[in-house]
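**Student:** Can you keep this structure in mind? I'll have questions shortly.
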Amino acid sequence: MTVKTFLSDMLLLSVFMLIGFFVREKVKPLQKLFLPSSLIGGLILLVLGPQLLNIMAVPESFSGLPSALIDVVMASLVFGVSFNKDKIASYLDYTCVPMTAYGMQMAVGALLGFLLTKLWPGLPEGWGVMGVFSFHGGHGTAAAAASTFEKLGIDGNMAVGMVLSTFGLIVAMLVGMALVNFGVRRGWTTYVKEPKAQPAHFYGGVLPEEKRAATGHTVTTGISINHLALQGAWLLAALFLGRKLFDVVSLAVPAVGELPSVLRGVFGGAVLWQLLKMTKLDKYVDLKTIKLISGFLLEIVVFTAMATLDVEFVSTYIAPILIYTFVIVVFTVPIVLFSAHRFCKTEWFEKAMMAFGAATGNTSTGLALVRAVDPDSQSSAGDTHGVYTTLTCWKDAFVGLTPVWILSGVGLTMGVGMALMIGFFIFGFVFFDRRRRKA
């Protein structure tokens, strides 16, 4: 690809990203479902592209961008992670809620995908594990897992991941709001007696002046280096370090070299951050800007993955994907409600809504459900989920490992999922069961 061709492709991407943004601004239902502008823009280009209306060409480079950029995004997930023992201990009960659901979705998803493949043999190998990444991580994590499958020679899971992630967002809000209303009527909420409508700017539009927050802070003078360039360099250096570490280790253990590339970003980010802290160079890192760059790359990943979605594949296998979504959600609802009620010492319903939203859509949908029953932000559910995300950052490695496991059969993946589900469930009962504490 020439530089001129790449620039032309990025120009097209930018235009349709803006089209997606303004469509979302004008079509309010899209805002209420938390569908991102990148997904909408990519979908519009898909419709106009050669697979449907054939009005516009979709650049060939778009199909390769998700697998290339997702390694950088994965590096950012663990970059800057630090642990506060006191805070972790006080919020540990909540961790048992989403992790129990996570283990269930991995185990049940792997088995369900295997069984549905018997009825629809054209489904891609290992597609059943895409649900846990689509529902718990959204489009970006699903793209990372699908990229791993592609590098292992298995196509089709990118389409599965994008569709499941989109279904997850819809389910999170529709089922989630039904649970909110049910919980209010049962008197489970702590702060309100009826769900509260959110202000318009919560879903889209221009933020009021008093609601605007800084996206980052400069850490050195612009004469020395542009702030964005410095933070971007840290992020890319993390991936560079991860690749070199894997290259060195693979000399002694060749099997390491065969591990998915997304793991290089995860381990590179973790190692570089620890080195920066040890050498006191972490003062040159602005984590907000790091996350901003990562978010920008993730928008491109989602856009290009949606624009190159295999329409024929989706239309052929929409039935098993719908069945899969229904079964996973049916299992997720009671697990989240029961475990939150038994394990969470305070605000159990608010935390259950946070866990359900994040376990079917993403963190934003979880926060939206919490806001419906906590309009004045009195609940600790959001902070609790943030601590949980930090505490369980190790599970990001499953994005690269699980596709490898499932190629040997569903047994290993189901075993890991069952171990997570049962382990966290038992841990919750032993240490956080409310009835035992009352007794």
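The values are calculated or read from the model by the stated rules, or taken from the named source; none is laboratory data. The shown structure was predicted, so the numbers you read here are calculated from the model rather than taken from an experiment. For neighbour counting, all protein chains shown are included, and Cβ atoms are generated from backbone atoms with ideal geometry for every residue, glycine included.
**Student:** Taking the stretch 38-69, which residues are touching an Asp or Glu at 6+ places or on another chain (Cβ under 8 Å) and within 17 Å of residue 300 (Cβ to Cβ)?
**Tutor:** Selection gives 38, 59, 61, 62, 67.
**Student:** Something else now. Could you grab the pairs with beta carbons closer than 8 Å, sequence gap of 6+ or different chains, first residue in the stretch 70-81 and closer than 13 Å to residue 301 by Cβ, second one polar (S, T, N, Q)?
**Tutor:** 70/147; 71/261; 72/294; 73/294; 76/294
**Student:** Within the stretch 201-230, how many residues are under 30 Å from residue 40 (Cβ atoms), in a loop (DSSP other than H, G, I, E, B) and either among the β-branched types (Val, Ile, Thr) or free of Cβ contacts under 8 Å to residues at least 24 places away in the same chain (or both)?
**Tutor:** So the answer is 6.
**Student:** Any residue in the stretch 168-180 that is over 12 Å from residue 369 (Cβ atoms) and in a helix (DSSP H, G or I) sitting within a Cβ distance under 7 Å of a residue that is at pLDDT 85 or above and of a type in the set (Gly, Ala, Ser)? List the pairs, counting only those 6 or more apart or interchain.
**Tutor:** 168/134
**Student:** Within the stretch 295-315, count every residue that is farther than 24 Å from residue 105 by Cβ and in contact (Cβ under 8 Å) with a residue 40 or more places away in the chain.
**Tutor:** Adding up the residues that qualify gives 9.
**Student:** What are the pairs, 6+ residues apart or on separate chains, where a residue within the stretch 323-347 that is more than 15 Å from residue 102 (Cα to Cα) has its Cβ under 8 Å from a residue that is hydroxyl-bearing (Ser, Thr, Tyr) and modelled with pLDDT under 95?
**Tutor:** Going by the 8 Å Cβ cut-off, the qualifying pairs are 343/94; 344/94; 346/190; 346/380; 347/190; 347/379; 347/380.
**Student:** Now a separate question. Keeping to the stretch 238-287, report how many residues are of a type in the set (D, E, K, R) and under 18 Å from residue 73 (Cβ atoms).
**Tutor:** 3
**Student:** Still on this structure: Please work out which residue is nearest to residue 399 (Cα to Cα), limiting yourself to the stretch 265-321 and to residues that are among the aromatic types (Phe, Trp, Tyr) and in contact with a helix residue (DSSP H, G or I) (Cβ under 6 Å, 6 or more places away or on another chain).
**Tutor:** 267
**Student:** Listed residues 158, 130; which is under 24 Å from residue 68 (Cβ atoms), free of Cβ contacts under 8 Å to residues at least 60 places away in the same chain and of a type outside the set (Gly, Ala, Ser)?
**Tutor:** 130
**Student:** Can you confirm whether residue 365 is in contact with a Leu (Cβ under 8 Å, 6 or more places away or on another chain), buried (at least 20 other Cβ atoms within 10 Å of the Cβ) and at pLDDT below 85?
**Tutor:** So residue 365 fits the description; yes.
**Student:** Still on this structure: Quick one: would you say residue 387 is assigned to a helix (DSSP H, G or I) and under 25 Å from residue 154 (Cβ atoms)?
**Tutor:** no
**Student:** What about residue 351, is it crowded, with 21+ Cβ neighbours inside 10 Å, more than 20 Å from residue 139 (Cβ to Cβ) and among the basic types (Lys, Arg)?
**Tutor:** yes
**Student:** Restrict the check to the stretch 412-428 and report whether at least one residue is farther than 30 Å from residue 32 by Cβ, polar (S, T, N, Q) and modelled with pLDDT of 85 or more.
**Tutor:** Yes - at least one qualifying residue is present in the stretch 412-428.
**Student:** At least 3 residues that are buried (at least 23 other Cβ atoms within 10 Å of the Cβ) in each: list the helices (runs of 4 or more DSSP H) lying fully within the stretch 22-81 that qualify.
**Tutor:** The helices (runs of 4 or more DSSP H) meeting that bar are 37-48, 65-78.
**Student:** Same structure again: Do we have any residue at all in the stretch 265-287 that's under 15 Å from residue 68 (Cα atoms), not small (Gly, Ala, Ser) and not in a loop (DSSP other than H, G, I, E, B)?
**Tutor:** Taking every residue of the stretch 265-287 in turn, at least one turns out to be under 15 Å from residue 68 (Cα atoms), not small (Gly, Ala, Ser) and not in a loop (DSSP other than H, G, I, E, B).
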